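J.: First, the structure itself, so that you have it in front of you.
The values are calculated or read from the model by the stated rules, or taken from the named source; none is laboratory data. The model shown is predicted, which means the values in this text are computed figures rather than measured ones. Cβ: placed from backbone, ideal geometry, glycine included. Neighbour counts: every protein chain shown.
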Amino acid sequence: MGHLLLVEEIAKYYGPKLGREIDPLSEICVTQGANGSLSPIIQAMANPGDEVVYFEPTFPMYLDHMQLAGVKEKSVPLHVNKDGDWVFNPDELRAAFSNKTKLLILNSPHNPTGKCFTREELELISDVLDEYPDCFVLSDEVYDFLTFDNLKHIPFSTIRDNWLRTITVYSGGKLLNATGWKVGWMIGPQKLVYLASILSNTTYYC
């Protein structure tokens, strides 16, 4: 799951940010960069043919990992409103979901727009997820501390009981301003992290 000293420090650092005590031995898995967490999570949560919902524009590597997993990609567009902010239409989000949807990929702070999803938006997303209890969330929060213009990052797993359905991905390279140091980690409930950790040792990614 990761070097003992490292996972213990990760638990100490992210526990307060996520508002809970994190078990370093079962709720964290260290991977080859944050990118190394993506395929294991997608393949653990969705089988070939299942649907994965994501917001677009998007980090291009998500598409590679979804194609590798053989899932059906369903995008939800982000629109620029009159104030110049990136927003989504809740109706378009809800329309993207079906009983075949097994995973939502959420990226906040968002690459490439820089958008930070607001608490209200995260609540709206939670409302939709409540209608689909078999859907889990991959929350990519690698830019969690790189926010500007008074934008605030809110971890998705801290909204309601979303911890139970969310694996959050972070980047040691971005946290420590050393992106060439390919070390990342996922944090989440033991049963979800365990499934992804098995695949993290066997999955090749693009």
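J.: Need the failing condition index for V76 against (1) crowded, with 18+ Cβ neighbours inside 10 Å; (2) farther than 17 Å from L122 by Cα, just the number.
T.: Of everything listed in (1) crowded, with 18+ Cβ neighbours inside 10 Å; (2) farther than 17 Å from L122 by Cα, V76 misses just condition (2).
J.: Of F117, F97, which residue is aromatic (F, W, Y), in contact (Cβ under 8 Å) with a residue 12 or more places away in the chain and in contact with a helix residue (DSSP H, G or I) (Cβ under 7 Å, 6 or more places away or on another chain)?
T.: Step by step, each of F117, F97 is checked, and only F97 is aromatic (F, W, Y), in contact (Cβ under 8 Å) with a residue 12 or more places away in the chain and in contact with a helix residue (DSSP H, G or I) (Cβ under 7 Å, 6 or more places away or on another chain).
J.: Can you tell me which residue among M66, M45 is at pLDDT 95 or above and in contact with an Asp or Glu (Cβ under 6 Å, 6 or more places away or on another chain)?
T.: M66
J.: Return yes or no: is K174 in contact with a Leu (Cβ under 8 Å, 6 or more places away or on another chain) and part of a helix (DSSP H, G or I)?
T.: Answer is yes for this residue.
J.: Give me the pairs, please: first residue somewhere in segment 8-29 and free of Cβ contacts under 8 Å to residues at least 12 places away in the same chain, second residue anywhere and surrounded by 15 or more Cβ atoms within 10 Å (Cβ to Cβ), beta-carbon distance under 8 Å, and either six or more positions apart or on two chains.
T.: G15/I22; E21/A11; E21/G15
J.: Okay, next question. Out of curiosity, is K115 modelled with pLDDT of 95 or more, surrounded by fewer than 22 Cβ atoms within 10 Å (Cβ to Cβ) and under 26 Å from M1 (Cα atoms)?
T.: no
J.: Then there is this: For segment 121-142, which residues satisfy the criterion of being more than 15 Å from L106 (Cα to Cα) and either part of a helix (DSSP H, G or I) or among the aliphatic types (A, V, I, L, M) (or both)?
T.: Once the filter is applied, which keeps residues that are more than 15 Å from L106 (Cα to Cα) and either part of a helix (DSSP H, G or I) or among the aliphatic types (A, V, I, L, M) (or both), segment 121-142 yields only D130.
J.: Still on this model: Filter segment 57-73 down to residues that are surrounded by 14 or more Cβ atoms within 10 Å (Cβ to Cβ) and without any contact (Cβ under 8 Å) to a residue 24 or more places away in the chain and give me whichever is farthest from A46 (Cα to Cα).
T.: Going through the qualifying residues, I end up with L63.
J.: Count, please, the residues in segment 18-36 that happen to be assigned to a helix (DSSP H, G or I) and at pLDDT below 95.
T.: Selection size over segment 18-36: 2.
J.: While we're here: What tally of residues in segment 37-62 results from selecting those that are assigned to a helix (DSSP H, G or I) and over 14 Å from the mean Cα position of the chain (by Cα)?
T.: Matching residues across segment 37-62 total 1.
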